[in-house]
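Chemist: Handing you this structure, nothing more for now.
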Amino acid sequence: MVAKSKSATPKRLIVGISGASGVIYGVRLLETLRERDIETHLVISKAAEMAFAYETDLKPAQVRRLAYKSYAVGDVGAAVSSGSFKTMGMIVLPCSIKTMSEIATGVTGTLLSRAADVVLKERRRLVIALRETPLHAGHLRSLATLSDLGAIVAPLVPAFYPRPNSVDDIINHSVGRLLDLFDVETGLVDRWQGKPR
């Protein structure tokens, strides 16, 4: 009997946008991945839909069209809820404390937190781009739990060594650094070359 070779993991990334401030980061991520032919599977929380109205002129339907496929947050039977649906992993950008806490405790009441839980159990890469401050001890314990479970906790912290000229520069650099965690080269990162002479 000839053994079947394992097929390579498809260039497919799950993107969660939850209800923290900074939903434009999620939009830029989707735009960037679309330019690089990476299949994006999107879940937007109800609170994120509200944040789009507060922070941008975009409607959630416009954002969903940026993705290869979008799922309703209540559709817990969607493809991304199963470990047999192979992906590179998942990024939650931005990630609210509520969503982070659901993922850390395994209480997966929505498709967003269920998809993240599946990524963890399958030992795939999960990046949590937290966008909340300040943090109390309970938040910090939950973040430590996520790190112990294998997630990468990557708070949205702007870099200033590239000397950004605009908010857009800050967003692009941050998205580029987050995609570095999935070995996706974007050309958006002004890489540190050491101190100037």
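Chemist: So in region 36-64, with the set limited to residues that are among the acidic types (Asp, Glu) and modelled with pLDDT of 95 or more, which one is farthest from the chain's Cα centre (by Cα)?
Modeler: So the first thing to find is which residues in region 36-64 are among the acidic types (Asp, Glu), and the list is 37, 39, 49, 55, 57.
Within this subset, residues satisfying the condition of being modelled with pLDDT of 95 or more are 39, 49, 55, 57.
Values: 39: 14, 49: 16, 55: 18, 57: 21 Å.
Ranking the candidates gives 57 first.
Chemist: For residue 87, state whether it is within 16 Å of the chain's Cα centre (by Cα), buried (at least 22 other Cβ atoms within 10 Å of the Cβ), part of a loop (DSSP other than H, G, I, E, B) and touching a residue at least 60 places away in the same chain (Cβ under 8 Å).
Modeler: Working: within 16 Å of the chain's Cα centre (by Cα): yes; buried (at least 22 other Cβ atoms within 10 Å of the Cβ): yes; part of a loop (DSSP other than H, G, I, E, B): yes; touching a residue at least 60 places away in the same chain (Cβ under 8 Å): yes.
Yes, satisfied.
Chemist: Considering only region 166-197, how many residues are touching a residue at least 40 places away in the same chain (Cβ under 8 Å), within 14 Å of the chain's Cα centre (by Cα) and either open to solvent by 60 Å² or more (accessible area, probe 1.4 Å) or more than 15 Å from residue 156 (Cα to Cα) (or both)?
Modeler: Final tally of qualifying residues: 2.
Chemist: Somewhere in region 140-156, is a residue part of a loop (DSSP other than H, G, I, E, B), farther than 24 Å from residue 56 by Cβ, modelled with pLDDT under 95 and not hydrophobic (A, V, I, L, M, F, W, C)? Before you say what the answer is, go through the steps one by one.
Modeler: Narrowing region 140-156 to residues part of a loop (DSSP other than H, G, I, E, B): 150-151, 154-156.
Still in the running and farther than 24 Å from residue 56 by Cβ: 150-151.
Going one step further and asking which of them are modelled with pLDDT under 95, we end up with none.
No.
Chemist: Sticking with this one: Would you call residue 107 of a type in the set (A, V, I, L, M) and in contact with a strand residue (DSSP E or B) (Cβ under 9 Å, 6 or more places away or on another chain)? First the steps, then the outcome.
Modeler: Working: of a type in the set (A, V, I, L, M): yes; in contact with a strand residue (DSSP E or B) (Cβ under 9 Å, 6 or more places away or on another chain): no.
The answer is no for residue 107.
Chemist: Now for a separate question. Do you know which of the residues in region 8-49 that are of a type in the set (S, T, N, Q) and part of a loop (DSSP other than H, G, I, E, B) is most open to solvent (accessible area, probe 1.4 Å)?
Modeler: Pass one, region 8-49, residues of a type in the set (S, T, N, Q): 9, 18, 21, 32, 40, 45.
The next check asks that each one be part of a loop (DSSP other than H, G, I, E, B); those that pass are 9, 18, 21, 45.
Details: 9: 72, 18: 0, 21: 50, 45: 17 Å².
Among those that are of a type in the set (S, T, N, Q) and part of a loop (DSSP other than H, G, I, E, B), it is 9.
Chemist: Now a separate question. Take residue 118 and tell me if it is out of contact with any strand residue (DSSP E or B) (no Cβ under 8 Å at 6 or more places or on another chain), open to solvent by less than 40 Å² (accessible area, probe 1.4 Å), β-branched (Val, Ile, Thr) and farther than 21 Å from residue 28 by Cβ. Step through it out loud before you land on a result.
Modeler: Working: out of contact with any strand residue (DSSP E or B) (no Cβ under 8 Å at 6 or more places or on another chain): yes; open to solvent by less than 40 Å² (accessible area, probe 1.4 Å): yes; β-branched (Val, Ile, Thr): yes; farther than 21 Å from residue 28 by Cβ: yes.
Taking the combined requirement at face value, the residue satisfies it.
Matching residues to (1) at pLDDT 95 or above; (2) aromatic (Phe, Trp, Tyr); (3) within 23 Å of residue 9 (Cβ to Cβ):
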| position | (1), (2), (3) |
| --- | --- |
| 66 | yes, no, yes |
| 72 | yes, no, no |
| 83 | yes, no, yes |
| 94 | yes, no, no |
| 108 | no, no, yes |
| 111 | yes, no, yes |
| 116 | yes, no, yes |
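The values are calculated or read from the model by the stated rules, or taken from the named source; none is laboratory data. Since the structure is predicted, the reported quantities are computational estimates derived from the model, not experimental observations. Glycine gets a Cβ as well: all are built from the backbone with ideal geometry, and neighbour counts include every protein chain shown. For the accessible areas, the whole protein counts, side chains as well, though only heavy atoms, and no ligand, DNA or RNA atoms are used. Shrake-Rupley method; radii C 1.70, N 1.55, O 1.52, S 1.80 Å.
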